Amino acid sequence: MGESLLPACMEILDLLDASEVVAEAGFQRKPGAYMDWKGEQWSLDFGELSGNFCSSYQVPRAEFDHILLKHSQNQGALVHQGVSVRELLFEGDRPVSAVCAFASAEAGTAEAEMRIDFDYLIDASGRSGLMSTRYLKNRRFHQSFQNVAIWGYWSGAMRPEAVSEGAIAVSSIPQGWLWYIPFSDGRTSLGVVIHKDRFQALRKTKSMPEIYADVLQESSLFQEIVARGELTSELRVEQDYSYQADRFAGPGYFLAGDSACFLDPLLSTGVHLAMYSSMLAAAGIASLIRGEVTETETAGWYDESYRGAFLRFMVFISAFYETQSRGKLGFYKQAEEISLFDADPTNLRRAFLNTVSGMEDIASAEQTTAHLMGEMSRRIRENLDLRADKSVLREAREKDLTKSSAKFFDSIEGLSCLSECGAVEGFYVRVRPRLGLARTVSRQPVFAEPQLAMA
Ligand SMILES: Cc1cc2nc3c(=O)[nH]c(=O)nc-3n(C[C@H](O)[C@H](O)[C@H](O)COP(=O)(O)OP(=O)(O)OC[C@H]3O[C@@H](n4cnc5c(N)ncnc54)[C@H](O)[C@@H]3O)c2cc1C
């Protein structure tokens, strides 16, 4: 999973000095997305809306991850492979050692144990989330987005004419959606995402391959895609329930990627969030080691920054769903739902609002959340309308009407943490001359646009 990357990942690859090695792998270029959603069809072209990077990649994850692993080794990281962390040891609340099991070469396949002591822990254990699920016990599942995904790999799957070469295609179906992700070797990943209740009901009478084949037929776009293709792999099944931990960082530790939080993969946000949070953690630790910041400051900044990015996407995805289904009024309802399914709605909303709007003392968080979601709804609708008619889009571009939307979407997807105006808790990430945190001189809001001001 995690095969379709966002352009924001390219910026982090650049920071890692890994762009070249990734480019050499010859992954499929991804120019954008094709949406076939509740009767409407449109293309999203990264070149039209996004910031610095106009495309990304479709990657077989094992290959992509392996390239990054080798790259980190070449940069001097000590890597242990085939190792499983069984237990963490603590001094008070602070994790200080990992007890690991690995297959020892000398002892054949028998497991051997080793202990790794550390100053700081970045828990990147994905959805198994060692720190969060075993020690902090602070993972909360969202009531919305409780889906099950079934997917497999095809050869000979058709690319519909409307879908640009290399683009991901997403199609809505009753109670779910489907994905099409093409790779450079001619294989295609086709996935089915349905609500858990529907999955459980179907499972009573159907096998997994039957459910998969039947659900693919629920979209005319996917009927075309699979018409002449052949499924060449085993099917894989995963729950993809969205969740977040109550706390993302503490004494000596940071939860990165899925170990902290997970979001419905409709907009392919997971790998970006994993890379983004790892970069934040690395910058924080670099500054800690140099004594530039305190641990309390770094943990607070990390939590707010990563949670803010996660919640921005969550609102964005909710808004996206709602634009297509219940219309504008649905946004206000959704805002209320979001506030209900979190453990501490006041704090989460505050974290979200601080990061997105830059406002600190908000008299009515609910009102502002609804306002922001309304703004997203308006902009998404405006962009969809523009895209429906190419001549209108051309005219809008000539008059620079698309620029403010580009800025808006960039602030959702882009790496705002890299500049002072994207500062959180008074800090932002500095990459030159060395990675670390910089303190702001003056605090400025993330969105300076007047229409996002408090109503
Ligand atoms: C159905 C579905 C489709 C998705 N599609 C996309 C997509 O198209 N694009 C996208 O960007 N995201 C997508 N995602 C999300 C994406 O897969 C994840 O967000 C992303 O992989 C998170 O990266 P990570 O490094 O945090 O975790 P992972 O990629 O899960 O990596 C965690 C690693 O930790 C290892 N590990 C776990 N426990 C231990 C332990 N105790 N000791 C040692 N190692 C351990 C695991 O083996 C694994 O290698 C999708 C998710 C789902 C469910």
Going through region 154-181 one residue at a time, which ones are in contact with a helix residue (DSSP H, G or I) (Cβ under 6 Å, 6 or more places away or on another chain), closer than 15 Å to V226 by Cα and of a type outside the set (S, T, Y)? A157, M158, P160, L178
Single unsatisfied condition, Q223 versus (1) over 24 Å from A98 (Cβ atoms); (2) surrounded by 17 or more Cβ atoms within 10 Å (Cβ to Cβ); (3) of a type outside the set (G, A, S): (2)
Quick check on region 135-153: of everything there that is within 14 Å of the ligand (Cβ to nearest atom) and hydroxyl-bearing (S, T, Y), which residue is surrounded by the most Cβ atoms within 10 Å (Cβ to Cβ)? Y153
Can you name every residue in region 178-203 that is in contact (Cβ under 8 Å) with a residue 60 or more places away in the chain and over 12 Å from Q58 (Cα atoms)? W179, V193
Which of the residues that make up region 18-40 are touching a residue at least 12 places away in the same chain (Cβ under 8 Å), away from the ligand (no atom under 14 Å from the Cβ) and assigned to a loop (DSSP other than H, G, I, E, B)? A18, A25, G26, P31, K38
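Rundown of residues vs (1) within 14 Å of the ligand (Cβ to nearest atom); (2) assigned by TED's automatic domain parsing to the domain that holds P31; (3) not polar (S, T, N, Q), yes/no style:
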site	(1), (2), (3)
D214	no, yes, yes
V226	no, yes, yes
R247	no, no, yes
G250	no, no, yes
C261	yes, no, yes
A274	yes, no, yes
A283	no, no, yes
R290	no, no, yes
Specify which of the listed residues (S4, S43) is small (G, A, S), more than 16 Å from the ligand (Cβ to nearest atom) and buried (at least 16 other Cβ atoms within 10 Å of the Cβ). S43
Looking at region 244-302, which of the residues that are aliphatic (A, V, I, L, M) and in contact with an Asp or Glu (Cβ under 7 Å, 6 or more places away or on another chain) is nearest to A169 (Cα to Cα)? A274
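The values are calculated or read from the model by the stated rules, or taken from the named source; none is laboratory data. Only a predicted model underlies this, so the values are computations on that prediction, with no experimental measurement involved. Heads up, the Cβs are rebuilt from the backbone with ideal geometry, glycines too, and the neighbour counts pull from every protein chain shown.
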